[in-house]
Amino acid sequence: MKLSLVRSLYKRGFGRQQVIDIFRFIDWVLRLPEEIDKRFRHEMLNFEENQKMPYISSVERIGMEIGRQDGLKEGLKEGAAVVFLRLLQRRFGPLSVSIHDTVKSADIASLELWSDKIFDAKSIEEVFAN
């Protein structure tokens, strides 16, 4: 199905980067089993070669995978920060700009630590206390 979709996108005039962007989303939503994914990559390389598309080197593929993983991690962190801010606001009322800035710039470990404290803390200061 993936290969059929790629062929269809190229036939409809989508550019290579557009196809890559669509598949980033599809790969995020639908993970293929490793063996099927290998078969797909092989078929895709054959198809691109026949279409005179540039080859993606292993280094480029690794870079793309690292970028995708970094993007997912950043997205998870941003989502966790948004949820944490909503919980803080629900528990303690309106939040200051400095609290927003602290939460938005925090790493995942800090967000997890603070999230564990939110329901037992008597004040917002206790949530952020070490």
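The values are calculated or read from the model by the stated rules, or taken from the named source; none is laboratory data. All values reported here derive from a predicted model rather than from experimental measurement. Using ideal geometry, Cβ is built from the backbone for each residue, glycine included, and neighbour counts are taken over all protein chains shown. Areas reflect the complete protein model, heavy atoms only, side chains present, ligands, DNA and RNA absent. Shrake-Rupley method; radii C 1.70, N 1.55, O 1.52, S 1.80 Å.
With springs only between Cα atoms under 10 Å, which of Ser105, Ser96, Ser115 fluctuates most in a Gaussian network model of the chain?
Ser96
When only Cα pairs under 8 Å and 6 or more residues apart are kept, what is the percent relative contact order across the chain? Working shown, then result.
Details: 45 pairs, mean separation 20.8, N = 130.
Once divided by the residue count of the chain, the mean separation gives 16 percent.
For the chain: lysine pairs with Cα atoms under 15 Å, gap of 8 or more or different chains, count?
Values: Lys2/Lys11; Lys2/Lys38; Lys11/Lys52; Lys73/Lys104; Lys77/Lys104.
Taking the chain as the scope, the lysine pair count is 5.
Where nothing but the Cβ of Lys and Arg (+1) and of Asp and Glu (-1) is charged, how large is the charge dipole of the chain around its Cα centre, in debye to the nearest 20? Don't skip to the end; give the middle numbers.
Details: 21 positive and 20 negative charges, 132 e Å.
Using Cβ point charges on Lys, Arg, Asp and Glu, the chain gives about 640 debye.
Would you kindly find the accessible area of Ile99, with a 1.4 Å probe and non-protein molecules such as ligands, DNA and RNA excluded, rounding to the nearest 10 Å²?
Accessible surface of Ile99 is approximately 30 Å².
Of all the C-alpha pairs in the chain, what % are more than 21 Å from each other? Before the final figure, lay out each step's value.
On the way: 4650 of 8385 pairs.
The share of Cα pairs beyond 21 Å in the chain comes to 55 percent.
With n ≥ 4 as the cut-off for DSSP H runs, can you work out [θ] at 222 nm for the chain, using -39500 (n - 2.57) per run divided by the number of residues, rounded to the nearest 500? Please list the in-between numbers first.
On the way: 7 runs with 99 residues, N = 130.
Helix-only estimate at 222 nm: -24500 deg cm²/dmol.
What list of ³J(HN,Hα) values in whole Hz, one per residue of region 118-130 in order, does the Karplus curve 6.51 cos²θ - 1.76 cosθ + 1.60 (θ = phi - 60°) give from phi, with Gly and Pro shown as x?
With coefficients 6.51, -1.76 and 1.60, one gets 4, 8, 8, 5, 8, 9, 5, 4, 5, 4, 8, 6, 7 Hz.
Leaving out ligands and nucleic acids, note down the accessible area per residue over the chain with a 1.4 angstrom probe, in whole Å². Before the final figure, lay out the partial values.
Numbers: 9410 Å² over 130 residues.
I get 72 Å² per residue for this part.
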